[in-house]
Amino acid sequence: MSSINITRITSADSATAAAISLLLKQLSPSQNFVFTEHELAELISNPASAIFALYVDNQIVGMITLGSYLSPTGRKVWIEDVVVDSSARGKGYGDMLVNQAIAYANTLSPCTLMLTSNPSRIAANELYRTRGFEPKHTNVYKMQL
């Protein structure tokens, strides 16, 4: 039987950064992500950010990141970079990561928990709907600076 746990990453090391890099390459194959130990240290030292890793038998096979901020309309918490390794999909790990994100956001409540998901990610979108997320009818714009 496999040992499974989800842990907030609180220290930076090269092995964790490398595992995150591999997951990010699966999340966005067209981008060449190289996530460094320095970037991990910066992320975990930021009180507005939280990153959780899903471990199976002490190996990182999934991750989820949350960012929060205050605005005049209340606290917003965004889920980012949800990915489960291709070899570990279909086992409920994505659901476990989303549940962890909801639990973490509850510690920041009241807040609005939000995320975006590409419509082509059928399984991911179904997961979000079953966890209680509702589509928000708005356009998302981005600008790379």
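A few points about this structure:
Condition check ((1) under 20 Å from residue 135 (Cα atoms); (2) in contact with a strand residue (DSSP E or B) (Cβ under 9 Å, 6 or more places away or on another chain)) across all residues:
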position: 31; (1), (2): no, no
position: 34; (1), (2): no, no
position: 54; (1), (2): no, yes
position: 68; (1), (2): yes, yes
position: 94; (1), (2): yes, yes
position: 104; (1), (2): no, yes
position: 107; (1), (2): no, no
position: 112; (1), (2): yes, yes
position: 122; (1), (2): yes, no
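- Scanning the stretch 107-125 turns up at least one residue that is closer than 22 Å to residue 24 by Cα, of a type in the set (S, T, N, Q) and in contact with a helix residue (DSSP H, G or I) (Cβ under 9 Å, 6 or more places away or on another chain).
- Residue match in the stretch 120-135 (condition: assigned to a strand (DSSP E or B), surrounded by fewer than 14 Cβ atoms within 10 Å (Cβ to Cβ) and of a type in the set (S, T, N, Q)): no
- Residue satisfying all of: in the stretch 3-12; open to solvent by 60 Å² or more (accessible area, probe 1.4 Å) and part of a loop (DSSP other than H, G, I, E, B); farthest from residue 95 (Cα to Cα) among these: 11
- Single condition residue 102 does not satisfy, out of (1) in contact with a Lys or Arg (Cβ under 8 Å, 6 or more places away or on another chain); (2) under 17 Å from residue 24 (Cβ atoms): (2)
- Checking 58, 99 one by one, the residue that is closer than 16 Å to residue 124 by Cα, out of contact with any helix residue (DSSP H, G or I) (no Cβ under 9 Å at 6 or more places or on another chain) and not acidic (Asp, Glu) is 99 and no other.
- Residue count for the stretch 106-137, restricted to those that are hydroxyl-bearing (Ser, Thr, Tyr) and closer than 17 Å to residue 80 by Cβ: 4
The values are calculated or read from the model by the stated rules, or taken from the named source; none is laboratory data. These figures come from a predicted structure and were not determined experimentally. A quick note on method: Cβ atoms are made from the backbone with ideal geometry, for glycine too, and the neighbour counts reach across all protein chains shown. Surface accessibility is based on the protein's heavy atoms, side chains included, excluding ligands, DNA and RNA. Shrake-Rupley method; radii C 1.70, N 1.55, O 1.52, S 1.80 Å.
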